[in-house]
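Colleague: Before anything else, here's the structure in question.
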Amino acid sequence: MARDRNGASEFSRPVRTILVGLIVVALLGVFLMWRIDNPRVERMRMAVMDRFVPTFDWALAPATRLARMIEDFESYTRIYEQNQELRRELQQLRAWREAALQLEQQNARLLDLNNVRIDPRLTFVTGIVMADSGSPFRQSVLVNVGRQDGIIDGWAAMDGLGLVGRISGVGERTSRVVLLTDTNSRIPVIIQPSGQRALLVGDNSAAPLAQFVETPEDVRPGDRVVTSGDGGVFPPDLLVGQIALASDRRLRVRLAAEYGRLDFLRVLRSAPAERIGDPGGLVGLPMGGASLDLVPGRADD
Amino acid sequence: MTDTAATRIWVWRAAYTGLALGVMVLSLVPVGPGHLRLPGPDLLFCLTAAITLRRPELAPLPLVVALFLLADFVLDRPPGLWTAVVVGMVHVLRAQVIRVRELPFLSEWSIFALVLAGGVLVERVILFATFTPAQPLPPVLLFAAITALVYPPVVLFTNLGLRLRKVALGEANMLGNRT
């Protein structure tokens with residue numbers, strides 16, 4: 001068993017090099033397959049995640065809890081300022097709540113008067129964030145709802161307030177949400193008071209860029225940014241955030257969703273918008289005798 | 001005698017696997033998922049390199065391939081690419097084992113850093129050659145630098161925590177069969 005190390009390596013090194021070469025070629029083959037047939041390999045990846053992450057749930061849960069506790073403990077140091085701040089905010093929010101209640105009642109009355117039918121499509125599935133992407137160059141999270149909950153690729157994910165990201169990759173019990181800050185994220189948006197259309201482009205920083213704004217002069221910091229629904233992937237009018245002007249004079253969007261604390265995510269079920277395909281038909285009296293009979297009938301009433 | 005030595009090796013390999021899985025799970029912990037973190041370090045590679053330079057037989061190639069391929073899939077990287085690069089780097093490191101045995105730690109560290117830099121470069125060249133959308137250069141350089149900086153603590157851990165030392169000259173023949 002005990003061989004001379006140097007003698008052994010003299011003999012086995014060429015064999016080993018060939019072996020290593022073969023393995024490297026095989027692995028690069030996997031990489032090329034991913035490059036060529038991306039959806040298939042990504043489905044495979046989701047299947048692996050589906051296996052791997054729930055298996056380690058027992059380890060993830062306490063680790064997550066501990067990390068959050070440490071984070072919370074750090075915030076104790078500035079608890080006084082926080083308290084003052086919260087009081088102020090609460091005061092403002094009370095006023096807003098009052099206004100909102102009144103408006104809601106008024107709105108309900110007006111809707112009732114007008115017999116408006118509200119769009120019933122936007123229902124949602126809520127999922128818990130299970131895991132991070134684990135890689136510094138990817139901004140995504142894994143949530144614990146998947147195909148068996150009816151999740152479909154491309155649906156929007158929000159926290160209570162704002163848009164968080166888009167479903168990309170669905171497993172049986174888990175699915176991946178690509179955050180707006182990821183470099184692969186591109187969302188069509190509208191900047192609110194001026195109605196300018198733009199593209200929200202993630203660049204791995206906390207505030208994504210707003211690109212392709214037609215007349216940037218009309219856009220001011222603080223303007224609301226909502227999804228535009230262009231392309232039919234996202235429902236329109238989901239709150240994204242506010243415009244901010246970066247130090248390099250580029251327009252960025254400060255996100256409304258609280259990215260520091262993504263615990264629960266709402267995945268919006270969105271049906272594709274219905275299209276009106278055929279041109280309008282000829283409007284007039286229907287052909288045939290039956291419709292003509294109706295006319296005296298109505299006159300009898 | 002041989003039996004216990006063989007089981008011991010397998011215990012070590014199991015420990016390496018366990019540590020690697022632990023590192024993977026820890027990097028998945030959602031601590032403020034939206035927060036931007038420093039890129040890196042690749043603890044898994046540091047650990048693999050440290051073990052390879054000390055007792056290569058404890059990190060056999062099939063195990064390394066399996067672990068890194070799993071990591072590629074789980075950590076949302078292009079599957080296979082980083083694994084292929086790591087296999088190459090581990091191969092280069094293995095060729096240095098005998099030399100590193102006689103060198104001080106500082107030289108070992110610089111060898112590690114050089115090999116890592118080469119690996120990152122190769123990865124980048126392949127990404128460009130296949131027109132894969134790649135990260136901008138600064139974070140990638142930062143990733144390499146942080147991984148290189150983390151190497152000494154990992155070695156300290158393998159030395160003190162796992163009690164893995166470089167093979168001394170006298171026991172070179174035993175090679176992990178007897179400690």
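The values are calculated or read from the model by the stated rules, or taken from the named source; none is laboratory data. A quick note: this is a predicted structure, and the numbers were derived from the prediction, not measured. Glycine gets a Cβ as well: all are built from the backbone with ideal geometry, and neighbour counts include every protein chain shown.
Quick grid of which residues meet (1) farther than 30 Å from A:Met33 by Cα; (2) without any contact (Cβ under 8 Å) to a residue 12 or more places away in the chain; (3) buried (at least 22 other Cβ atoms within 10 Å of the Cβ); (4) in contact with a Pro (Cβ under 8 Å, 6 or more places away or on another chain):
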position: B:Pro62; (1), (2), (3), (4): no, yes, no, no
position: B:Ala66; (1), (2), (3), (4): no, yes, no, no
position: B:Leu69; (1), (2), (3), (4): no, no, no, yes
position: B:Val74; (1), (2), (3), (4): no, no, yes, no
position: B:Val85; (1), (2), (3), (4): no, no, yes, no
position: B:Val90; (1), (2), (3), (4): no, no, yes, no
position: B:Gln96; (1), (2), (3), (4): yes, no, no, no
position: B:Ala117; (1), (2), (3), (4): no, no, no, no
position: B:Val120; (1), (2), (3), (4): no, no, no, no
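Colleague: Working carefully through the options B:Leu103, B:Leu141, find the one that is aliphatic (A, V, I, L, M) and either under 19 Å from B:Pro39 (Cβ atoms) or in contact with a Phe, Trp or Tyr (Cβ under 7 Å, 6 or more places away or on another chain) (or both).
Modeller: Criteria check complete, one pass: B:Leu141.
Colleague: Can you tell me which condition A:Val283 does not meet? The list is (1) assigned to a loop (DSSP other than H, G, I, E, B); (2) modelled with pLDDT of 80 or more, and all the others hold.
Modeller: Answer for A:Val283: the failing condition is (2).
Colleague: Restricting attention to the range A:54-74, does a residue exist that is facing chain B (nearest Cβ under 10 Å), closer than 30 Å to B:Thr132 by Cα and either in contact with a Leu (Cβ under 9 Å, 6 or more places away or on another chain) or not in a helix (DSSP H, G or I) (or both)?
Modeller: No, every residue in the range A:54-74 fails to be facing chain B (nearest Cβ under 10 Å), closer than 30 Å to B:Thr132 by Cα and either in contact with a Leu (Cβ under 9 Å, 6 or more places away or on another chain) or not in a helix (DSSP H, G or I) (or both).
Colleague: Every residue in the range A:121-140 that is at pLDDT 80 or above and charged (D, E, K, R), please.
Modeller: A:Asp132, A:Arg138
Colleague: OK, next. Where in the range B:27-145 are the helices (runs of 4 or more DSSP H), entirely inside, with at least 2 residues that are more than 16 Å from the chain's Cα centre (by Cα) and more than 10 Å from every other protein chain (Cβ to nearest Cβ)? Don't jump to the end; show me each part of the working.
Modeller: Numbers: elements: B:43-54, B:61-74, B:81-95, B:97-102, B:105-129.
Answer list for the range B:27-145: B:97-102, B:105-129.
Colleague: Working only within the range A:145-172, note down all residues that are surrounded by fewer than 19 Cβ atoms within 10 Å (Cβ to Cβ) and more than 15 Å from A:Leu268 (Cα to Cα).
Modeller: Result: A:Gln148, A:Glu172.
Colleague: From (1) modelled with pLDDT under 85; (2) at positive phi; (3) among the small types (Gly, Ala, Ser), pick out the condition that doesn't hold for A:Ser75.
Modeller: So A:Ser75 meets the others, but not (2).
Colleague: Next question. For the range A:48-62, check the following and say yes or no: at least one residue is surrounded by 10 or more Cβ atoms within 10 Å (Cβ to Cβ), within 23 Å of A:Arg176 (Cβ to Cβ), of a type outside the set (Phe, Trp, Tyr) and touching a Gly at 6+ places or on another chain (Cβ under 7 Å).
Modeller: Yes, the conditions are met somewhere in the range A:48-62.
Colleague: Hey, A:Val125 hits all of (1) away from every other protein chain (no Cβ under 14 Å); (2) touching a Lys or Arg at 6+ places or on another chain (Cβ under 9 Å); (3) farther than 25 Å from A:Val225 by Cα but one; which does it fall short on?
Modeller: Of (1) away from every other protein chain (no Cβ under 14 Å); (2) touching a Lys or Arg at 6+ places or on another chain (Cβ under 9 Å); (3) farther than 25 Å from A:Val225 by Cα, only one is false for A:Val125: (3).
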